[in-house]
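What follows is one structure encoded as structure tokens, with my remarks underneath.
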Amino acid sequence: MVVMEADGDRGWLEVLRREGLSPVDGVLQAPLSGLRSDEAYCVAFRDEDTGHWSRVARFRTALAGDGWRVVTFGATSCLGGNEPWRTLTQAAGAQLDFFAFLVDTVYADGSVELDDYRLSWSAARTTPGFVDVTASTAMVATWDDHEVGNNWTADGLAPGQFDAALRAFREVMPQGRGAEGSTLWRQLRFGSVLDVFVLDGRGERSGTDYLSRAQMDWVKAGLAGSSARFKVILNSVPITDLSAIFGQGAQDDRWEGFPEQRAELLGFIVEAGIEGVLWVSGDVHYAQVGRVDPPGGAGADQFEVFAGPGGSFANVGAELFQGDPQYAWMSSVWNYARFTCDPGTGRVLVEHIDDDGSMLNSVTLQL
């Protein structure tokens, strides 16, 4: 493995080389150290036996603690079908700071053993759009149900199934270390601009709890302690009150099915006076920009953006609610969402982009 950086007229300079690494199911992961903050690097892998080089991948390291500039990231969800995922290829050209895979990156329903899950991930990681976007920037990922099994619950899994699904997920979607004791939830810092809180809204559900108590306490403490201008919460399923669209249907697959914890977290954000919060979610198979609650609700002044679907079937029924004051904009077209976060103005430009690179919608949120 060789990590290179661009350095003006001198061209590419080698800054790190590591030998003797072995891939797992076609994927090679290796920790990198000694890199400078807020710097663009390229990485490539060479097969020592054949001499062949991998595709060159690019990433930019996060800002240091006091770093301050515009940060841009992308997100999508639900990638079942619509190969080769052209929205991801569109995202690859944007030189994003990171790209978020929110939920249902694979549809591994019916898998039980590790080899079964690896087959689903192998198909995803070799799809052109996935290859393009993951070669263009860093990735951040969480999961929902289809990475394990449709609407799974812990007591409905076969022995060892959860561990097999999680292992296959981690093999393809590299992640830094999460909070102590967590599976996937973690906080990622981009200087003074952006704190990203990655939730695991599926793996720790129990009874009336959407999040484990440890995860709930962690996100509340992180939000309260954050000095970043923006606090982006990457959410597997929406926290928005969608009762006007879906009624009571499938509430147990959204935050609405866990009303006590929903009220706890939204109320905490309000009572603690936490500013700059933006929810980003997937799963519902349509794009949306709107407010978390209608007027009078705890989340009436908080925004949530739905990203995707990138490939799964579109929920066309949602478009019947176009123009609703709470659900300001929505679309069932395959898409990814791009977020341009300007700490100087406190504004986030939200753009939804389709397979052909056309702008579906553009709106600026003041946070």
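For the reader, a short list of remarks on this structure follows.
- Contacts under 9 angstrom Cβ, first residue in segment 336-349 being without any contact (Cβ under 8 Å) to a residue 24 or more places away in the chain, partner part of a strand (DSSP E or B) and aliphatic (A, V, I, L, M), 6 or more apart: Arg347/Leu365; Leu349/Val363; Leu349/Leu365
- Filtered residues of segment 125-169 (kept if aliphatic (A, V, I, L, M) and either open to solvent by 20 Å² or more (accessible area, probe 1.4 Å) or touching a strand residue (DSSP E or B) at 6+ places or on another chain (Cβ under 9 Å) (or both)): Val131, Val133, Ala135, Ala138, Met139, Val140, Ala141, Ala154, Leu157, Ala158, Leu166
- Matching residues, segment 332-351, being among the polar types (S, T, N, Q) and at pLDDT 95 or above: Asn335, Thr340, Thr345
- Qualifying strands (runs of 3 or more DSSP E) (wholly inside segment 258-367; at least 1 residues being farther than 16 Å from Val232 by Cβ): 287-291, 329-331, 347-353, 359-366
- Of the residues screened, Ser33 is one that is farther than 28 Å from Ala123 by Cα, without any contact (Cβ under 8 Å) to a residue 60 or more places away in the chain, out of contact with any Lys or Arg (no Cβ under 8 Å at 6 or more places or on another chain) and part of a loop (DSSP other than H, G, I, E, B).
- Residue among Arg58, Arg10, Arg17, Arg36 that is surrounded by 12 or more Cβ atoms within 10 Å (Cβ to Cβ) and either modelled with pLDDT under 75 or on the phi < 0 side of the Ramachandran plot (or both): Arg58
- Candidates Val237, Val232, filtered to the one that is within 23 Å of Val363 (Cα to Cα), outside any loop (DSSP other than H, G, I, E, B), touching a residue at least 60 places away in the same chain (Cβ under 8 Å) and in contact with a strand residue (DSSP E or B) (Cβ under 8 Å, 6 or more places away or on another chain): Val232
The values are calculated or read from the model by the stated rules, or taken from the named source; none is laboratory data. From a predicted model like this one, the values you see are computed outputs, not experimental measurements. For neighbour counting, all protein chains shown are included, and Cβ atoms are generated from backbone atoms with ideal geometry for every residue, glycine included. Remember, those area values only see protein heavy atoms, side chains included, never the ligands or the DNA or RNA. Shrake-Rupley method; radii C 1.70, N 1.55, O 1.52, S 1.80 Å.
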